[in-house]
Every structure is written in structure tokens, then in C-alpha cells.
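What follows is one structure encoded as C-alpha cells, with my remarks underneath.
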Amino acid sequence: MPHTTQWIYIVFLTFSTIVMIFLFRHDWNRLAKLYRTKEAPPQNFSRMQNGCVGLVHYKGTLNVGITPQGIYLSIFPLLGLGLTPLLIPWSAIRKIEPANQLFIQRFRLYLSSPKVKLILSKDILEPAK
């Protein structure tokens, strides 16, 4: 039978896991209410990229594609946990600014609705020119 400190540790880990899952999904689910798609990924689809959606940094798990309609986003299937692919139209982006980090050129995209920021590398966004 576990000691009291072990129970506290188990409860803390369980609670932390639930909070992390909620935070991981929160902004993505907000976007999915408006931009969920069933379209297949575009031909210029980059897999396992780094990027941010809201407060969550997807390191090597973000899939990004550029289409004439907008930006296609999905999560690496094993880590997606039911997060649906998104197709964010160009018209939903209200502002773009540099968000460079050391030697990596990135852009911060501000969406008009919902008020979520995306950070994607310049290389990924290059086909959008």
C-alpha cells in the first residue's frame, strides 16, 4: 500500500497531466471551431516542423502546408490526440510581423478571430509569396 507522500505525488502528476492536456488543446480547439477541414494536405506539405499555436510550442510535431485558400495545419498523428486539421484562410490573418529567434527567421501571424497567434518559420511560409 502506497504511503501518503506517494499518493500526493500520484495526485499531483495526474492533475498536472490533465492541466497540460487542456492547455495543449485549448487554442487548437478554439481555431477548430472556425477552421476545421477535411481536405487532404496540400502538395507542399512540410511535416514535423516547429511552430507555435497560441501558447503551445509544437517542436517537431507541427505539419504545415500553404494553399491558395490559406495555411493548412495538422499535428503529427501519434500526438494529435483527436486534434483536427485546420485550414486558416488568408483573410483571417490581420497582421504579420517578424518573430526572429537567434538565426531562425520566423513570422508571428495574428488572427482576427479567435485572437490566437501563430509563429511559423519563414521557410514554411515561403510558398505564400
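The values are calculated or read from the model by the stated rules, or taken from the named source; none is laboratory data. All values derive from a computational prediction rather than experimental measurement. Neighbour counts run over all protein chains shown; Cβ positions are idealised from the backbone, glycine included.
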When you scan the range 52-129 for strands (runs of 3 or more DSSP E) that lie fully inside it, which ones turn up with 1 or more residues that are within 16 Å of PRO42 (Cβ to Cβ)?
56-66, 70-75, 86-89, 117-121
Count of residues meeting criterion [among the polar types (S, T, N, Q) and within 21 Å of GLN105 (Cβ to Cβ)] in the range 37-70:
6
Hits in the range 101-122 - residues which are without any contact (Cβ under 8 Å) to a residue 60 or more places away in the chain and surrounded by 12 or more Cβ atoms within 10 Å (Cβ to Cβ):
GLN105, ARG106, PHE107, ARG108, LEU109, TYR110, LYS122
Residue under question is THR37, and the condition is that it be within 12 Å of the chain's Cα centre (by Cα) and either hydroxyl-bearing (Ser, Thr, Tyr) or crowded, with 17+ Cβ neighbours inside 10 Å (or both); does it hold?
no
Does the range 72-98 hold any residues that are at pLDDT 90 or above and more than 13 Å from the chain's Cα centre (by Cα), and which are they?
PRO89, TRP90, SER91, ALA92, ILE93, ARG94, LYS95, ILE96, GLU97, PRO98
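Going by the structure shown, is ASN50 at pLDDT below 90, within 17 Å of LYS122 (Cβ to Cβ) and not hydroxyl-bearing (Ser, Thr, Tyr)?
Numbers: at pLDDT below 90: no; within 17 Å of LYS122 (Cβ to Cβ): yes; not hydroxyl-bearing (Ser, Thr, Tyr): yes.
No, not satisfied.
Which residues, taken from the range 23-47, are hydrophobic (A, V, I, L, M, F, W, C) and either touching a residue at least 40 places away in the same chain (Cβ under 8 Å) or more than 13 Å from ILE124 (Cα to Cα) (or both)?
If the condition is that a residue be hydrophobic (A, V, I, L, M, F, W, C) and either touching a residue at least 40 places away in the same chain (Cβ under 8 Å) or more than 13 Å from ILE124 (Cα to Cα) (or both), then LEU23, PHE24, TRP28, LEU31, ALA32, LEU34, ALA40 are the ones that fit.
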Quick one: in the range 53-66, which of the residues that are more than 13 Å from LEU31 (Cα to Cα) and crowded, with 20+ Cβ neighbours inside 10 Å is modelled with the lowest pLDDT?
TYR58
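Please go through the range 1-41 and give me each residue that is in a loop (DSSP other than H, G, I, E, B) and modelled with pLDDT of 70 or more, ordered by number. Give the steps one after another, and end with the answer.
Of all residues in the range 1-41, those in a loop (DSSP other than H, G, I, E, B) come to 1-3, 37-41.
HIS3, THR37, LYS38, GLU39, ALA40, PRO41, listed by residue number.
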